[in-house]
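The values are calculated or read from the model by the stated rules, or taken from the named source; none is laboratory data. Quick caveat, the model's predicted, so the values are computed rather than measured. So basically every Cβ, Gly included, is an ideal-geometry build from the backbone, and we count neighbours across all protein chains shown. Surface areas here come from the heavy atoms of the whole protein model, side chains and all, with no ligands, DNA or RNA. Shrake-Rupley method; radii C 1.70, N 1.55, O 1.52, S 1.80 Å.
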Amino acid sequence: MKHILLLSVLFGFTESEVLFSNSILYDQYDIFQPTTTTFVNNLCKEGCSVYASIPPDATDALEEAKKVTIYDFETNITLFDLAALIDPVTTQKKSLDFPAKQRVININYSGDVEAAGPMLLYVFSNTGKSNVPFEVYEARTMKRSISPARIVTVLSPEPFTIGTNPTQLGNTVYSYAAGMENAINYGPDQCVKVFELNDQGSFPGFVLNVQLPILSFFFNMDTPVEFYTRIAYSTVTGFDQFLSTPGFNGCYGMQVYRSSLYKDSLEHTVSGEKLTNVRVDATLNTDEDSPVKITDVTNNKDFDLWGDNAHNNAQQSIAMNSKLLFIKWNKQYTRSSFLLRFATSDIPFTSTTVIPTQPTTSSAYRNILGVASLLAMTKLKRPDIQGIRGLAIASVLGFHLKEEKFPAGFVGVDIFFVLSGYLMSSILARERNINLKVLFDFYSRRFKRIVPLYALLLIVLFLVVPLILLTRDVAKFLADVPWAAAFATNIHSIVEKTDYFSELYDSNVLTHTWSLGVEIQYYLIVPILVFLQRLLGDKLGLSYLIVLVTASFSFQCFASPNVSFNALPSRVWQFISGGIAHEVISWQCGPSSIIQTDGKSYSPVPISDALPLLQGDEENEKEGIEMDIEFTGHVQYSYLNVFLTILTTFFIVVLFVISLSPMKMLPNEVLRALVIALTASIIVLGTVEERQSVLLRNRPIVYLGDLSYVIYLVHWPVVIVWKSYWDLHEMSVKDILVCLSITFLISILVHHTIEQMFITCSTKVSFIFVTVIYIAMMCAVIFHLPQHLNKSVETKMSMDEIVAAAIKWNEHESHTHHYSERPFKECVDDPEGIKMRDGYHSQNPYECVWKPKHTGSVRILIVGNSISHRASKIIHLISENNQDVKEIRLFAQSACKPIEGNCPQFFAAMMKLVEKMKPDITFLIYDESKRLRSLIQDIATDQPLADFITFLKPLSTNSKYLVLDEFYPTSGAPAGLGNDL
């Protein structure tokens, strides 16, 4: 019966397996597609032997090897059992031998790719056997004296050291990184010679640090040579120190880097004395987008290598002429493996690796779309950009906690938008075509990075807000939360015509979510923007970007303040500025990143999808928000680089000063434009690591950037809940420190646990989590659960408690002679009132207007002296939840009292104001009047009374109701009592 040899191998393989002239070698990285069947024709035509090797402590490999079956119709053995076949005396490996009949080797994969650990399968054809005896060993168990002429082949799935002791009567020894058919001579595979000794009277011995799966020796010695081996790893740092490893086609490779050699990270420099032609063939199997970076320091180029989302091997080839390389890897995900095969040879390569070609339609996002030396988004964070993110969140915190000390802190959100635009451009730059699969992957990653934590925030607020805030604040929260849940808080603000800066002084825990709404809305349109730009090509693409930036910036400048602040069209220019920064970087890299092979040009970047958010994270998802970015490389010293380094530092200092300055030095539009330009410039200039200032690279600010997304979500609810719980209008330094401490404690815990969990989990898990939370929120709203919870914890005060609290408040306020601030923060500048007073200005703390978003029409005017300033706080509190109140206007002046003969201009302006405004209610509030306190002898002839009636007539005539409120205590009065009492 005709025998058919079948190797049913669990881990499968690609064309990256090592193929010698008469043998073939597979390792665990030869994984491509499940259920792929490959036939190696004619290898076993004259019969063959099969060897296996598995590290005895590699538990995962041992278990998976039990599922690998090597068989024909007469023989059946698992790879696990085959690897265990070792002669206990000689320590030689035993093989599974098949007779000289027509053979077809079948390798089939049908198991768990990620479970396959380090293992080797070596198939050697009888055709390649010489008359010289041969032996096969495993590096871990080899113990052998070799003599006389003999071929020795050592297998190992892990790095090892092999050596011999010196001896006399040496003759000939060769060692090649090859199969045993190439041990005696160079052979057709052009394998690299590791060691050579010809006709010597003594044998000096050798020690080789080996990072390759197979090494073959030919010994022709009169004296036995004792081998010793151990499993070890020694870093090779020079091109001339490379041993060798079989490459994609036989022996062209010179060095191997495998993820299994390192625990979680690799940073390695390789150098030589002269320029060397280097080629790298890479295979990655990873959930990460760009886990491995190779920097050609000599030519200042970066090559980013990544896997794809289909759990397949992504294959790339890159070529360079260099004398200094830097390799970097940092494991972020469970599934993260790579195999790099380096070659330093002038031999022309004919790699079987599929190299994706560069898109024929270039565009501005172009190689933002596919050049390996481009600044690529990776999980290895570019520290200065994390530092920019840290500065942005610091400025936002300052603005929200103490606006008067950090008046320009709001530009932190503008900085976030630039970073996010840069991230989105980098992600979409990886894609040759923007199709449904790309869009699905893009939005899946955005979803995982942003939505689960956001949903978690909302559901926590559903519990916290009813427990701590007032009934009116709960009602406000429930009105706002549907918009926030839909990432449309900014649209809600436009519809309701609310002012963001006024909302900062309201008890609205969702005010800050407007920026996330803008962010998500931009995600919805950015693929369209990129697609249109690609259609326009290089020449029109830049013009297209400039038109978009100009139109969006103009819209922001000329739209109403509410629309200008909240609308996506007014913010698009900030995102695109980040995209232009990425575009500039791609132009810096230029065409030098294209490989020339066989007369054809290739881009070394695969068509695989890009990374997530902060991520971050990227990440780099975070984000948002999420952005994880790696630096481009290094440059040699030059005057230009020194100048650019100084310029970068100057830009960074200016950005710090603007963002954290105690004064706002420029109008908002100019301020935003300057901040956007500075941020984009720093991103571009910082692509060279030497230009990255310590201001942005220091660990505290980088870590702050890592935490930024969680901090942004958490900080504002913490501030509002703290102020509401303690009934604070202004926070002291102590209150600010407490809020910051709570914010950072929560952020650190969430970042290192929940956030990382969502980044690494599947999209399906994230989607289920978010769906459950949104359903829970819908049920809570439908069944009025927050209202019931709020009512259950509501504390009702008795009348005596209310009066006592009022007296205590009055006592506190009565010790204030003058006010330096307006009575409440929602009370803003009043140009309309100034116009009605014919341009008359009082003191700034005493004139302002509050226009709530209520549905009523009642207009209230409060006039008087500094006492009216105090009373307006109470009137505001009473009116906050009264939908009938349309506006409250304050116009007062310190120390001015009716009919006392002082402040004539103020009282004249007051009469003009009441006449033109015609309020529904006018409050006249002051502390005392000496003339009115005198006894009335005759009411008909009492002059103070007559003067007071004359004073009140225009107020009464032009108001529906006039309220005279005079009995207020002053600083000299007994505690809590008005003077007239």
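Computed quantities for the displayed model
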| read-out | value |
| --- | --- |
| Residue list for segment 513-558, restricted to those being closer than 30 Å to TYR500 by Cα, open to solvent by less than 50 Å² (accessible area, probe 1.4 Å), among the hydroxyl-bearing types (Ser, Thr, Tyr) and over 26 Å from the mean Cα position of the chain (by Cα) | SER554 |
| Among the candidates VAL136, VAL132, residue that is of a type in the set (A, V, I, L, M, F, W, C), under 16 Å from ALA183 (Cβ atoms) and in a loop (DSSP other than H, G, I, E, B) | VAL132 |
| Helices (runs of 4 or more DSSP H) contained entirely in segment 489-583, each with at least 3 residues that are charged (D, E, K, R) and under 30 Å from LEU685 (Cβ atoms) | 514-558 |
| Strands (runs of 3 or more DSSP E) (entirely within segment 26-73) containing at least 1 residues that are modelled with pLDDT of 60 or more and in the same structural domain as THR141 (by the TED database) | 48-53, 69-71 |
| Hits in segment 543-555 - residues which are more than 18 Å from VAL418 (Cβ to Cβ) and among the aliphatic types (A, V, I, L, M) | VAL547 |
| Criterion violated by LEU728 - all others in (1) in a loop (DSSP other than H, G, I, E, B); (2) buried (at least 17 other Cβ atoms within 10 Å of the Cβ) satisfied | (2) |
| Total residues in segment 391-430, condition under 23 Å from ALA680 (Cα atoms), open to solvent by 10 Å² or more (accessible area, probe 1.4 Å) and part of a loop (DSSP other than H, G, I, E, B) | 4 |
| Test result for LYS2, modelled with pLDDT under 65 and either charged (D, E, K, R) or crowded, with 18+ Cβ neighbours inside 10 Å (or both) | yes |
| Breaking point among (1) at pLDDT 90 or above; (2) touching a Cys at 6+ places or on another chain (Cβ under 7 Å), for ALA892 | (2) |
| Pick from segment 472-493, criterion small (Gly, Ala, Ser) and open to solvent by less than 30 Å² (accessible area, probe 1.4 Å), ranking: farthest from VAL460 (Cα to Cα) | SER493 |
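Conditions tested, residue by residue: (1) at pLDDT 90 or above; (2) over 23 Å from LEU504 (Cα atoms); (3) of a type in the set (Val, Ile, Thr).
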residue: VAL803; (1), (2), (3): no, yes, yes
residue: ILE807; (1), (2), (3): no, yes, yes
residue: GLU811; (1), (2), (3): no, yes, no
residue: ARG822; (1), (2), (3): no, no, no
residue: HIS854; (1), (2), (3): no, no, no
